[in-house]
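Shown next, in structure tokens, is the structure this report addresses.
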Amino acid sequence: MNVQTNLYTRLVQAATGKYRAELDAVNGQLHNIDRAERIARRLRDIELEATAEAGPGAVPFIVLRLPIELLQLQGNVIALVRNTLERQLVQNGCDSQGRDCFQILDDERASLELVVEPI
């Protein structure tokens, strides 16, 4: 009976460890989604059209929609975003749709991405 109990205990401990790791990952993702939604709200507060969206694997990012007329002023708009969020933004190329992408750097574990979409 002792051998079976020991095996059962190890099985339950292994399952608990896997469950805890998955739960931690989900909680981390929920934290990132909440951050993305807060950032989008702050940008809407200053009259910019922004939404929090999720990409593959439910990875959140912020989409900033700029009218084509404002694309020439994109640098100024990004400076406004940087000042509003009090965060550093670093351009990191374009996504598969050709939209400019910026990393929002802060003290959090994972940085979020800001995507500028012309409308």
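The values are calculated or read from the model by the stated rules, or taken from the named source; none is laboratory data. Values in this document were obtained by computation on a predicted structure and should not be read as measured data. Glycine gets a Cβ as well: all are built from the backbone with ideal geometry, and neighbour counts include every protein chain shown. Note: areas computed on protein heavy atoms with side chains; ligands, DNA, RNA excluded. Shrake-Rupley method; radii C 1.70, N 1.55, O 1.52, S 1.80 Å.
Only residues that are surrounded by 14 or more Cβ atoms within 10 Å (Cβ to Cβ), among the β-branched types (Val, Ile, Thr) and assigned to a helix (DSSP H, G or I) were counted across the range 61-104, and they come to 4.
I'd like to know if the range 18-28 contains one or more residues that are of a type in the set (Phe, Trp, Tyr) and in a helix (DSSP H, G or I). Yes, the range 18-28 contains at least one residue that is of a type in the set (Phe, Trp, Tyr) and in a helix (DSSP H, G or I). Cβ-Cβ distances below 8 Å connect the following pairs, each with a first residue in the range 20-32 that is open to solvent by less than 90 Å² (accessible area, probe 1.4 Å), a second residue that is part of a helix (DSSP H, G or I), and a separation of six or more residues or different chains: GLN29/ALA58.
Taking the numbered list (1) of a type outside the set (Val, Ile, Thr); (2) in contact with an Asp or Glu (Cβ under 8 Å, 6 or more places away or on another chain); (3) in contact (Cβ under 8 Å) with a residue 24 or more places away in the chain; (4) under 21 Å from CYS94 (Cα atoms) in turn, ARG35 passes all entries but (4). Beta carbons closer than 9 Å, at least 6 apart along the sequence or on distinct chains, pair a first residue in the range 86-109 that is free of Cβ contacts under 8 Å to residues at least 24 places away in the same chain and closer than 17 Å to PRO56 by Cβ with a second that is open to solvent by 100 Å² or more (accessible area, probe 1.4 Å) and not in a loop (DSSP other than H, G, I, E, B) for CYS101/GLN91. Does the range 80-95 contain any residue that is modelled with pLDDT under 85, farther than 25 Å from HIS31 by Cβ and of a type in the set (A, V, I, L, M, F, W, C)? The answer is yes; a qualifying residue exists. A single member of GLU49, GLU37 is charged (D, E, K, R), farther than 20 Å from PRO118 by Cβ, touching a strand residue (DSSP E or B) at 6+ places or on another chain (Cβ under 8 Å) and modelled with pLDDT of 85 or more, and it is GLU37.
In the condition set (1) among the small types (Gly, Ala, Ser); (2) within 22 Å of PRO118 (Cβ to Cβ); (3) open to solvent by 50 Å² or more (accessible area, probe 1.4 Å), GLY55 is compliant with all but (3).
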